[in-house]
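The values are calculated or read from the model by the stated rules, or taken from the named source; none is laboratory data. All figures in this text were calculated on a predicted structure; none of them were measured in a lab. Positions of Cβ are backbone-derived with ideal geometry, glycine not excepted, and every protein chain shown enters the neighbour counts. Accessible surface is based on the protein model in full, side chains and every heavy atom, while ligands, DNA and RNA are left aside. Shrake-Rupley method; radii C 1.70, N 1.55, O 1.52, S 1.80 Å.
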Amino acid sequence: MKPWHALGEDEIKRALEAGPKNFGPNRLENKEGLNWQTILIRQFTNVLIVVLAVACILSLLVGEVVDALAILAIVILNGVLGFMQEWKAENAIKNLQKMLTPRCWVMRGGQEQEIDAENLVPGDTVLLETGNAVPADIRLTSATDLRTDEAALTGESSTVSKHTDTLPEGAHLTERLNMVFMGTHIVNGRGMGLVVETGMKTEFGKIAALTGSIRETQTRLQGELARLGWQLGALALSVSGLVVLIGLIGGREMIETFMTGISLAVAAVPEGLPAVVTVTLALGVSAMARKKALMRHLQAAETLGAVSVICTDKTGTLTKNEMTVQKIWLSSGVVHVGGSGYEPEGEFQMDGRRIEPGRAPDLMALLKTASTCNHARIEHGEQGWRAIGSPTEAALIVAARKAGLSEESQTCIVAENSFNSTRKRMSVIEQTEGSLIAHVKGAPEAILPHCTHILKNGKIETLDEQGRREIEAAFTGFAQEGLRTLALARKALTDNNACSEQQTESALCFLGITGVIDPPRPEVKHALESARHAGIKVIVITGDSPVTAKAVARQIGLSVDRAVTSGDMKDMSDEELSALLQQDILFARTVPEDKFRIVKILQSQGHLTAMTGDGVNDAPALKQADIGIAMGIRGTDVARGAADMVLSDDNFASIVAAIEEGRRQYANIRKFVRYMLSSNIGEMIAIFANILMGGPLILLPVQILWMNLVTDGVTALALGAEKAEKDVMSQPPRSISEPILDRDGFKMIAALSAYIGFTTLVLYQFYMQGGVDSWATANCMAFTAMVVMEKVNVLNFRNAHGTVGSMGWFSNPWLIMAIAAMLTLQIAAVYVPGLQHALQTVPLGVADWGIIILVALPVFLIPELHKSLKFRPS
């Protein structure tokens, strides 16, 4: 069967009557929406959580119920925290979603009825008018000045004029002018048509189905933490197994040997790490939300900080998505119009001087025609000023309001000749006191041939060839600046010649040309500068023309050597396109497949890529990208469902702010991973070395859990609140292959853990010489000294590129309070009877505390001295 756009009305009816009669509801299947069970289960698939679960089971098997319950508590805490944050984000996405129009008007049984859009079936006749969202794919049977906004589907920002003529079978989606599609919007006129496709069979639905076929990949942090988890798990099992084997061969008691093995396993695994990572990411996600960036997955937050390329839309992201009259050409000169967007505030200037519109008759005549030959309006609501109708026509209304012309001042329109893609102009006839005036608006090349006169300084003069050349040069110059041009003209009519289109639109008086543009957001220029300093490449991918895209790029300070169109890309191999992506380019007149292809090639080059999008056509590329970024205001449900992040303000600057937050998060995660590992390996060294020396258990499993879960966990969490370092956005994106623990990290961990472990061992051996009760005192000294050294050790990880003093001792008050609180808690563990019994501690004397402080100070002083020399200003 021929496609719907190639069939006439009778053929469509016959095809629908012969087709299947069982139709599902007219809605898109939400493949991306997650139920609470899936989100909850996902929290317990982390490798570290699995290792902790194994440690919990082993503790139960040897009768250490307290240890088992402590580990189980941290596993549950981690799961609950992660679930709460992701479920909150998922619900926020649902609240952001603007559902496709839930009701629509149809003709059934010869009567107009309003029904739920979900109940539409092929064959229904739907009535359409300005402001409606199209509820299904519809073949038009009637169209009066009908224009649609199809940006959500095709990416084309210009409105599309519709008609009912039959089209060739091979017409591209953007050329099917006798069809309107689900999820697009009627911005002008009215029409009627037959529903031909519903739900997942619509063009929207086809792309939604494609989105579901793309497999999600792990984030880098997920991969690195999983790898770290396997390594720690293997280390724990290997060392524990070795100790058990040595103990059994040496004739030690089996229970004691297994307890020693479990102690080492518990010491090797940083039990608090999963919870600390989860809480830190959750806090970071909350910070991002305050910056208008809503993350759908916790782990994706830090991935954003590693992005090396941002592929961004132009319309609404770099620009305000509010068409604005920026320049007006008159016979007397060029008028610059102040203000931007739909707020009717701004002044008019000519040759650098402010002009009063009321004293400029040519300007007032043009603006009067612009506001009269117009179907749009503007209104003020909770979100500010917004346009109703065509954005370009709304821009003309705003310009007129700036000059003091109100919509209420318009008089009666008695006739209209509508715009269409062939005529490229429209005209209306206004009834004034005792006369009729024709107001005409359209493309300059469609208006100029019909003009015989021109308005100059309030007088109508004959339009000669020189004048025509000046007009042609004016609209050509505007177009080269990226401005959309509209010409305006008028003529006085009599009743006798007002009836025909030809007579109305001939012998016109040319008034001038408006240059309309979607202005850049004021904050974008600074955001682009920040991205450039951070080593992030920004590539604009738009459905607009190359000229318009390059003009906006110039205005926002984005360096562009070449604009590449979809047609150019079709003739390029992937290798050629890959080479081109190394240059400063932008993409214009693109189709959805282009975005997907660009992302794939960038990823093959080793880039972590962020892709913005708002339409259903963007969903596959959003899901393929490492970070898919959907628009919260103008985005479609499908795009938001495929994305990792949703911008609640649709603003490019919010992406850069979120990247800075993502970099801060990753830097802090790296800091506390190193901190926790240096502490845990120090514990392992002390235990293992003492066993090799033939001594008893230096630290009990419950004491190790106390350190790993309570004292270390809280301080690590406070370390995660560290502010971003000053140069965080001056560093290039980290390499894909860069591990969370690099060579410098291993060196630092090795040095610090060796000092902590062997110092604890020396203290333990020294106090073991004290007599009958020496083990209890030696154990308590080793336990307490380890805790104090670990609290001092956390200061070493605050600043990776300088001393603590250079960033301010109290710049992170949460960490200072955490250290003080944990030291207080350890004092309680030594002296409070209940904690003494649980942790098997004994009271220590003043001299003992003096020794502990003395051995703890070098843990901080030596690394701080090293950093002061290494990062000394030159």
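A few notes on this one:
- Qualifying residue in the range 805-813 (condition: in contact with a helix residue (DSSP H, G or I) (Cβ under 9 Å, 6 or more places away or on another chain), of a type in the set (Phe, Trp, Tyr) and either over 30 Å from Phe746 (Cβ atoms) or open to solvent by less than 40 Å² (accessible area, probe 1.4 Å) (or both)): yes
- In the range 543-561, residue surrounded by the most Cβ atoms within 10 Å (Cβ to Cβ) [restricted to those that are more than 11 Å from Lys314 (Cβ to Cβ) and not polar (S, T, N, Q)]: Pro546
- Where strands (runs of 3 or more DSSP E) fall wholly inside the range 108-172, the ranges with 2 or more residues that are free of Cβ contacts under 8 Å to residues at least 12 places away in the same chain are 111-116.
- Options Ile736, Ile698: the member that is touching a residue at least 12 places away in the same chain (Cβ under 8 Å), part of a loop (DSSP other than H, G, I, E, B) and under 24 Å from Arg227 (Cβ atoms): Ile736
- Residues in the range 721-761 that are of a type in the set (Val, Ile, Thr) and either at pLDDT below 90 or within 39 Å of the chain's Cα centre (by Cα) (or both): Val728, Ile736, Ile740, Ile749.
- Of the numbered criteria (1) assigned to a strand (DSSP E or B); (2) crowded, with 17+ Cβ neighbours inside 10 Å, the one Phe475 fails is (1).
- Every listed requirement among (1) part of a loop (DSSP other than H, G, I, E, B); (2) over 25 Å from Ala143 (Cβ atoms); (3) open to solvent by less than 60 Å² (accessible area, probe 1.4 Å) is met by Glu345 save one, (3).
- Any hit, the range 89-103, residues being in contact with a strand residue (DSSP E or B) (Cβ under 8 Å, 6 or more places away or on another chain), modelled with pLDDT of 70 or more and buried (at least 19 other Cβ atoms within 10 Å of the Cβ): no
- Within the range 158-180, being closer than 20 Å to Asp544 by Cβ and either open to solvent by less than 30 Å² (accessible area, probe 1.4 Å) or hydroxyl-bearing (Ser, Thr, Tyr) (or both) holds for Ser158, Thr159, Val160, Ser161, Thr174.
- Here the range 687-700 is the region considered, the condition is being of a type outside the set (Gly, Ala, Ser) and farther than 14 Å from Met786 by Cα, and the residue that is nearest to the chain's Cα centre (by Cα) is Phe688.
- Condition met for Ala847 (loosely packed, with under 10 Cβ neighbours inside 10 Å and within 26 Å of Phe766 (Cα to Cα)): yes
- Unmet criterion (only one of (1) open to solvent by 10 Å² or more (accessible area, probe 1.4 Å); (2) under 16 Å from Met295 (Cα atoms)) for Met631: (1)
- Out of Asp644, Asp649, Asp626, sole residue that is touching a His at 6+ places or on another chain (Cβ under 9 Å), open to solvent by 30 Å² or more (accessible area, probe 1.4 Å) and of a type in the set (D, E, K, R): Asp626
- Residues that are among the β-branched types (Val, Ile, Thr) and in a loop (DSSP other than H, G, I, E, B) were ranked within the range 552-607; the one that is farthest from Gly628 (Cα to Cα) is Val560.
- Entry remark, the range 109-145: residues being within 34 Å of the chain's Cα centre (by Cα) and either among the β-branched types (Val, Ile, Thr) or on the phi < 0 side of the Ramachandran plot (or both) number 15 in total.
- Scoring Ser530 on the criteria (1) part of a helix (DSSP H, G or I); (2) in contact (Cβ under 8 Å) with a residue 24 or more places away in the chain; (3) open to solvent by less than 60 Å² (accessible area, probe 1.4 Å); (4) closer than 20 Å to Lys424 by Cα leaves a single failure, condition (4).
- Of all the residues in the range 575-610, those that are open to solvent by 60 Å² or more (accessible area, probe 1.4 Å) and at positive phi number 1.
- Check on Arg227, among the basic types (Lys, Arg), surrounded by fewer than 21 Cβ atoms within 10 Å (Cβ to Cβ) and modelled with pLDDT under 80: yes
- For the range 316-336, a residue qualifies if it is open to solvent by less than 40 Å² (accessible area, probe 1.4 Å) and either on the phi > 0 side of the Ramachandran plot or not in a strand (DSSP E or B) (or both), and the qualifying residues are Gly316, Thr317, Leu318, Met323, Ser331, Gly333.
- For the range 25-46, a residue qualifies if it is modelled with pLDDT under 75, among the aliphatic types (A, V, I, L, M) and either open to solvent by 20 Å² or more (accessible area, probe 1.4 Å) or not in a helix (DSSP H, G or I) (or both), and the qualifying residues are Leu28, Leu34.
- One residue from Ala399, Ala387 being open to solvent by less than 20 Å² (accessible area, probe 1.4 Å) and either modelled with pLDDT of 85 or more or out of contact with any His (no Cβ under 8 Å at 6 or more places or on another chain) (or both): Ala399
- Here is the figure for the range 412-449: residues that are surrounded by fewer than 21 Cβ atoms within 10 Å (Cβ to Cβ), under 47 Å from the mean Cα position of the chain (by Cα) and among the aliphatic types (A, V, I, L, M) total 4.
- Qualifying residue in the range 853-872 (condition: crowded, with 18+ Cβ neighbours inside 10 Å and not in a helix (DSSP H, G or I)): no
- Residue that is modelled with the highest pLDDT, among those in the range 7-24 that are over 18 Å from Phe181 (Cβ atoms), open to solvent by less than 80 Å² (accessible area, probe 1.4 Å) and in a loop (DSSP other than H, G, I, E, B): Gly8
- Residue satisfying condition, being at pLDDT below 85 and either basic (Lys, Arg) or outside any strand (DSSP E or B) (or both), within set Ile669, Ile659: Ile669
- Residue in the range 762-771 that is crowded, with 21+ Cβ neighbours inside 10 Å, farther than 26 Å from Gly808 by Cβ and touching a residue at least 40 places away in the same chain (Cβ under 8 Å) present: yes
- Restricting Val564, Val540 to residues that are crowded, with 24+ Cβ neighbours inside 10 Å and not basic (Lys, Arg) narrows the list to Val540.
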